[in-house]
1. In nm, what is the difference between 0.36 nm times the number of residues separating ARG17 and ASN109 and their Cα-Cα distance?
2. Under the 0.36 nm per residue contour assumption, what length would be gained going from the current alpha-carbon distance of LYS6 and LEU63 to full extension?
3. Just to confirm the number: angle between the C-alpha axis of helix 5-21 and the first principal axis of the chain, 0 to 90 degrees, nearest 10?
4. State the antiparallel share, in %, of DSSP beta bridges confined to region 5-116, rounding to the nearest 5.
5. Any idea what diffusion coefficient the chain gets from Stokes-Einstein, in µm²/s, Kirkwood Rh on alpha carbon pairs, 4 °C, 1.567 mPa s?
6. From the mean inverse distance of alpha carbon pairs (Kirkwood) and the Cα radius of gyration, derive Rg over Rh for region 1-44.
7. Which distance in nm do the two modelled labels at LEU95 and THR47 give, with both placed 7 Å along the Cα-to-Cβ direction?
8. Expressed as an acute angle from 0 to 90° and rounded to the nearest 10, what is the orientation of the C-alpha long axis of helix 67-79 relative to the principal long axis of the chain?
Amino acid sequence: MKTTKKDFIEFKEECKRLISVLGLSEWSCVFKHCKLDNDSARISYNTQDRVAIFFLNKKVDELWDGGERSARHEIGHLLIADLDTMAGYGEASRLVQQESEKFANRFANLIEFLEERGE
């Protein structure tokens, strides 16, 4: 299924909202709506320059949870970008990447839970 301009705007606005709420204003952020290989969304960052690029895939599978959910997940990655970068390369990095995926999913769940409660 294809993502729409509306989906991209929803993704971008939720990212911006969470960046503000979480005090991540030191990051310069760019948003792109483009083809990705496997992911529905992705983040790429340079922790030294404090630049983050958020990507929303133009094509997602039917199980896609929407732009807001994808934004929350990618912001979870941004929250621990410095830690992830410090892990370096090799086995430690692979393990940290696995844990950062778990964190990003749990963070997205937390934001969703709080929003449902009106908090």
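Since every read-out is calculated from the coordinates, none of them should be taken as a lab result. For clarity, every value in this text was computed on a predicted model and none was experimentally measured. Ideal geometry is used to build each Cβ from the backbone, glycine not excepted, and the neighbour counts take in all protein chains shown.
1. That pair, ARG17 and ASN109, stretches by 31.5 nm at full extension.
2. 18.7 nm
3. 50
4. Within region 5-116, antiparallel bridges account for around 45 percent of the total.
5. 88
6. 0.99
7. 1.7
8. 10
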